[in-house]
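Q: Have a look at this one before I ask anything.
The values are calculated or read from the model by the stated rules, or taken from the named source; none is laboratory data. Quantities reported herein were computed from a predicted structural model and do not represent experimental measurements. Don't worry about glycine lacking a Cβ; one is built from the backbone with ideal geometry, like all the others, and counts go over all protein chains shown. We work out accessible area using only protein heavy atoms, side chains counted, and drop any ligands, DNA or RNA first. Shrake-Rupley method; radii C 1.70, N 1.55, O 1.52, S 1.80 Å.
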Amino acid sequence: MKKILFTLLLFFVFCLQAWAQEDDLLSLLDDDDEETTEYVTASFKANRVINLHSVENTAAGVLDIKIGHRFGTLNGGFYELFGLDQASIRIGGDYGITNQLMIGLGRSSFEKTYDGFIKYKFLRQSKGKRNMPISAAFLATTAIQTLRWQNPDRDNLFSSRLYHTFQLIAGSKINEQISLQLSPTLVHRNLVATNEEENDVYALGVSGRIKLTKRVALNAEYIYVLPDQIAPEFQNSFSIGFDIETGGHVFQLHFSNSTSMIEKGYIAETVGDWGDGGIHFGFNVSRVFTIQKPKIK
Amino acid sequence: MKRFALLFSLLVFGFTSIQAQKYFTRDGKVTFSSDTPIEKIEAHNQKATCVLNAADGRMEFAILIKAFQFEKALMQEHFNENYMESGTYPKATFKGQISNIEAIDFSKDGNYEVTVAGDMTIHGVTQAVSTTGNILVKDGKLSADATFETKPGDYDIKIPAVVRKNIAEIVQVTVAVDLAPFNK
């Protein structure tokens, strides 16, 4: 009798097991499913927050043409049509060599400066098999200021025109709406105007975005320059604006107290003061072109 | 006593044979294309998961939305961010039934036309769908494929007016999976 019971019991156990598996076919695979790593994408809409680089990279084989524009300051009043009479421009292009390595070139009208950069994203935020809460990138830029020498009679060196910036960018997409980022930065100027100014300027950029709708985001950035490094008339840069995305373009419309759109300028040479209307209206327009199509694998 | 032993072994064998009647893949291919005079959009996914129960004809699919690859990186970003919202709805699934499963002889090679009907969930919206497809049995393995049409609008995927001419109202979907016997 016991054996019958035992057999019946076994029978039920098997049935139950069969039942449990019958319930959801896909769950069969879950047990030995090699979990995949899912990388977080689109922490920011563009590879710039406003002036600062974001943790985003231009995708491999994609050329991103950027036109940046900063009008004069709002406190120019009606005579200057609130700054619209003046403009500072940067025209540039970014190219993705791989999905994690990008380069860029640009030319700014402000101090007739050429700039080039290389950015390598060495850490990608991910979840799943590999759980990584942040993305991080390293940025190195060089700017060449090409204004005529102020004192042509002096012994002028080409190296005096050079500015280098090294920046670590660490960011996290907290959720679908909010992304935050820190950018510790070193700006090196080969030549400075006075003895009081440091050649090396240390700064910390803090930036973030809030996605308002699928196609519009609010961005802000603030760059704190450690004290006693730059001339007292220079301010910390603060910018706030919107990213608006329309198909192939991203329009970034913003207000900033910085005129320059490159690191050595907006970090170490911002003169505008938010307190008395030294604010520039400006925009960045980005248009991407796929130069090399990715292989589908 | 012998009878019980017999019953027991029958049960065990019966159970193992049910086990062998499942087929699966983790690298099924799903492609969709949207064709308009302005733009042709095509995306490929090579990571579809599928399980087929040959005993009763039930079939399930799960597809990771982020695994769709596009020619243009920006398109892929927009697909995930603006249309499919893959952060919120990471997977598309299908749970269905092959209606003429008894017509298929899995023990010998051959090609069979099948009808599949069930529930498709995309972007968090479930719709009843049905389509015809083929199942090819060869050396104990299966190759199944199907082509069908779907409307983004049916799954609450909103397409703004500016790009309405670039994205087709009806999207063609092709599914091709090679299924191997599932043994646990």
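Q: Hey, with R₀ at 22 Å, roughly what FRET efficiency would residue A:214 and residue A:132 work out to, going by the Cβ-Cβ distance, to 0.05? Before the final figure, lay out each step's value.
A: Numbers: r = 26 Å, r/R0 = 1.16.
My answer for the efficiency is 0.30.
Q: Between residue A:177 and residue A:249, what FRET efficiency follows from the Cβ-Cβ distance if R0 is 30 Å, with the result rounded to 0.05?
A: 0.85
Q: Return the ratio Rg/(2.2 N^0.38 Å) for the range B:65-121, where Rg is computed over Cα atoms only. Present the calculation step by step, with values, prior to reporting the outcome.
A: Numbers: Rg = 17.5 Å, N = 57, 2.2 N^0.38 = 10.2 Å.
Taking the Cα Rg and dividing by 2.2 N^0.38 Å, one obtains 1.71.
Q: Report the trypsin sites (Lys or Arg not before Pro) located in the range A:133-177 that are in a DSSP loop and have at most 12 other Cβ atoms inside 10 Å of their Cβ, or state none.
A: On the way: sites: A:148, A:154, A:161, A:173; in loops: A:148, A:154.
Sites meeting the loop and neighbour criteria: A:148, A:154.
Q: Calculate, in nm to one decimal, what residue A:159 and residue A:89 gain on full extension: separation in residues at 0.36 nm each, minus their alpha carbon distance.
A: Working: separation 70, 0.36 × 70 = 25.20 nm, distance 2.43 nm.
Value of the extension gain: 22.8 nm.
Q: Which of the aspartates and glutamates could a cross-linker bridge to residue B:29, judged by Cα under 12 Å and excluding same-chain residues fewer than eight apart?
A: B:145, B:178
Q: Sticking with this one: What are the ³J(HN,Hα) values, in whole Hz, obtained from phi via the Karplus relation 6.51 cos²θ - 1.76 cosθ + 1.60 with θ = phi - 60°, for each residue of the range B:128-145 in sequence order, with x given for Gly and Pro?
A: 7, 9, 8, 7, 9, x, 10, 10, 10, 9, 8, 6, x, 10, 10, 10, 10, 9
Q: When N counts the residues of the range A:139-185, how does its alpha-carbon radius of gyration compare numerically with 2.2 N^0.38 Å, as a ratio? Please report the intermediate quantities before stating the final value.
A: Details: Rg = 18.5 Å, N = 47, 2.2 N^0.38 = 9.5 Å.
In units of the 2.2 N^0.38 Å rule of thumb, it is 1.94.
Q: Related question: Could you compute how fast the range B:65-166 diffuses translationally, taking Rh as the Kirkwood radius over C-alpha pairs and applying Stokes-Einstein at 20 °C with viscosity 1.002 mPa s? Give it in µm² per second.
A: On the way: Rh = 16.0 Å.
So the translational diffusion coefficient is about 134 µm²/s.
Q: Taking a cut-off of 28 Å between Cα atoms, list the lysines near residue B:22, but don't count ones fewer than 8 places away on the same chain.
A: Partners found: A:129, A:297, B:47, B:66, B:91, B:95, B:108, B:138, B:141, B:184.
Q: For the range A:37-290, what is the accessible area per residue in Å² when the probe is 1.4 Å?
A: It amounts to 46 Å² per residue over the range A:37-290.
Q: Then there is this: I need two numbers for chain B: Rg to one decimal and Dmax as a whole number, Cα atoms only, in Å.
A: 19.6, 77
Q: Moving to a separate point now. Let me know the Rg and Dmax you get for the range A:37-290 when you use only its Cα atoms, in Å.
A: So, for the range A:37-290, Rg and Dmax equal 18.1, 64 Å respectively.
Q: To one decimal place, what Kirkwood hydrodynamic radius in Å is obtained for the protein assembly as shown from all pairs of distinct Cα atoms?
A: Radius from the Kirkwood sum: 26.4 Å.
Q: For residue A:202 and residue A:168, compute 0.36 nm times the residue count separating them, minus their Cα-Cα distance, and round to one decimal in nm.
A: Values: separation 34, 0.36 × 34 = 12.24 nm, distance 1.19 nm.
Answer, rounded to one decimal: 11.0 nm.
Q: Let me ask something else. What average count of beta carbons from other chains do you get within 10 Å of the Cβ of residues in B:77-87?
A: Details: counts 7, 6, 0, 2, 8, 5, 1, 0, 2, 2, 7.
Taking the mean over all residues of the peptide, I get 4.
Q: Another question, then. Per residue of the range B:156-165, what does 6.51 cos²θ - 1.76 cosθ + 1.60 with θ = phi - 60° give for ³J(HN,Hα)? Whole Hz please, x for Gly and Pro, Karplus curve as stated.
A: 6, 9, 8, 10, x, 4, 4, 10, 4, 7
Q: Taking only Cα atoms, what is the 0 to 90° angle, nearest 10, from helix A:2-23's long axis to the longest principal axis of chain A?
A: Once rounded, the angle reads 30 degrees.
Q: Between 0 and 90 degrees, rounded to the nearest ten: what's the tilt of helix B:2-20 against the longest Cα principal axis of chain B?
A: Between helix and principal axis, roughly 20 degrees.
Q: Let me ask something else about it. To the nearest 500 deg cm²/dmol, what mean residue ellipticity at 222 nm is calculated for the protein assembly as shown from DSSP H runs of n ≥ 4 alone, each contributing -39,500 (n - 2.57), summed and divided by the residues?
A: Mean residue ellipticity at 222 nm (helix-derived): -3500 deg cm²/dmol.
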